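Presented below is the structure to which this report refers.
Since every read-out is calculated from the coordinates, none of them should be taken as a lab result. Since we're looking at a predicted model, the values are computed, not measured. Every residue, glycine as well, gets a Cβ built from its backbone with ideal geometry; the counts of neighbours run over all protein chains shown.
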Amino acid sequence: MSAGFTLNHFSTGYRKRRIFEQLSLPTLPPGSLVAVLGPNAVGKSTLLKAIAGLQPFSGRMQLNDIDLATLSGAARMRHVGYLPQTLPQATTLVAYEAVLSACRAVRPDLSRTEIDALIERVFDALAIRSLALRPLSELSGGQRQMVGLAQAIARQPALFLLDEPTSALDLRWQLALIDTVRAVIAERQAVCLMAIHDINLALRFCDQVLLFGNGGLLAAGDPQDVITPDVLRAAYGVEARVEHCSLGRPVVLSDRVSDLSAN
Ligand SMILES: Nc1ncnc2c1ncn2[C@@H]1O[C@H](COP(=O)(O)OP(=O)(O)OP(=O)(O)O)[C@@H](O)[C@H]1O
């Protein structure tokens with residue numbers, strides 16, 4: 001059995017535009033939080049959507065001993081927890097019901113008591129218990145983003161696909177979200193692919209990065225090895241420095257646009 005997530009000879013795109021052609025990734029081991037980085041429109045969301053089964057693709061996709069590419073959409077959702085870039089709909093459902101229906105859709109094996117206990121644990125882990133009985137239509141964007149994450153976690157997938165999960169969150173909630181995701185994937189030995197624009201969050205908290213540029217995958221590996229001024233220039237067309245903070249950790253400071261054509 002191969003452990004973790006592998007993607008090989010993967011191609012996808014839209015009617016008039018190929019986004020990935022024969023992309024292969026290094027194996028992403030169980031328990032790893034992987035940042036998917038790259039400029040706007042490079043294909044980060046398209047990649048996550050295709051892995052989630054919401055976008056046609058060709059190629060091989062293996063999650064532990066499961067051949068994801070051959071699974072139907074419903075079967076795949078049992079193994080894959082996808083949080084889209086768009087926030088959960090502002091419906092009149094209360095947050096608890098939204099998470100309950102997400103969980104029931106993929107866990108018919110669990111009793112109602114087991115599901116209730118699971119959802120309580122998820123709300124506690126994310127520190128959003130106070131939102132449980134509030135309608136989604138009355139929640140802020142950041143609160144809805146946390147409920148979306150609760151839906152993904154409650155499904156207990158082996159692969160998380162989080163598309164810009166911190167985009168609506170303030171500094172405290174960004175850290176809380178990443179801490180919780182790290183704890184969940186460590187406990188369940190899951191793999192998490194997280195599209196994110198904040199390179200410093202990726203440097204600080206992710207085990208690996210996949211950095212895409214207009215030519216495809218530019219770099220993959222430990223963020224501290226991969227994030228260099230040269231690769232940032234190639235990916236984003238910016239002049240940037242990698243400095244070190246008072247704790248000795250690397251921090252990216254971007255100075256200016258070097259080449260607008262990179263985007
Ligand atoms: N439904 C669609 N039909 C046609 N083209 C699309 C569709 N969705 C996305 N695209 C195009 O595919 C390319 C990749 O888009 P995608 O959303 O995957 O990029 P991204 O890296 O996630 O960008 P961002 O960082 O801006 O969210 C873009 O050129 C976009 O215009």
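Miscellaneous remarks
- Stokes-Einstein diffusion coefficient of the stretch 130-211, Kirkwood radius over Cα pairs, 25 °C, 0.890 mPa s, in µm²/s: 183
- Ellipticity at 222 nm from helices only: DSSP H runs of n ≥ 4 in the chain, each -39500 (n - 2.57), divided by the residue count, give -10500 deg cm²/dmol.
- About the centre of its Cα atoms, the stretch 181-235 shows a dipole size close to 120 debye [charges on the beta carbon of Lys, Arg (+1) and Asp, Glu (-1) only; nearest 20 debye].
- Across the stretch 93-170, the volume of the C-alpha convex hull divided among the residues equals 91 Å³ per residue.
- For the stretch 5-221, share of DSSP beta bridges that run antiparallel, in % to the nearest 5: 55
- When the charge dipole of the stretch 5-221 is built from unit charges on Cβ atoms (+1 for Lys and Arg, -1 for Asp and Glu) and taken about the Cα centre, the candidate among Ile119, Gln89, Gln189 whose Cα reaches farthest toward its positive end is Gln89.
- On Cα atoms only, tilt of 171-188 relative to the major axis of the chain in degrees: 70
- Dipole of the chain [Lys/Arg +1, Asp/Glu -1 at C-beta], most positive-end residue of Ser140, Ala52, Thr180: Ala52
- Positive-pole candidate from Leu201, Cys245, Ile128, dipole of the stretch 110-263, charges at beta carbon: Ile128
- The magnitude of the dipole of the stretch 102-185, with charges of +1 and -1 set on the Cβ of Lys/Arg and Asp/Glu and taken from the Cα centre, is near 120 debye.
- Rg in Å to one decimal, and Dmax rounded to a whole Å, for the stretch 144-263 via C-alpha atoms: 15.4, 44
- Total charge dipole magnitude, the chain, about the Cα centre, Cβ charges on Lys, Arg, Asp, Glu only, Debye to nearest 20: 640
- Binning the alpha carbon pair distances of the chain at 5 angstrom intervals from zero yields the distribution 1, 6, 13, 17, 18, 17, 13, 9, 5, 2, 0, 0, expressed in whole percent.
- Local charge for Phe205 was computed over the other residues whose Cβ lies under 13 Å away, with Lys and Arg +1 and Asp and Glu -1, and equals -1.
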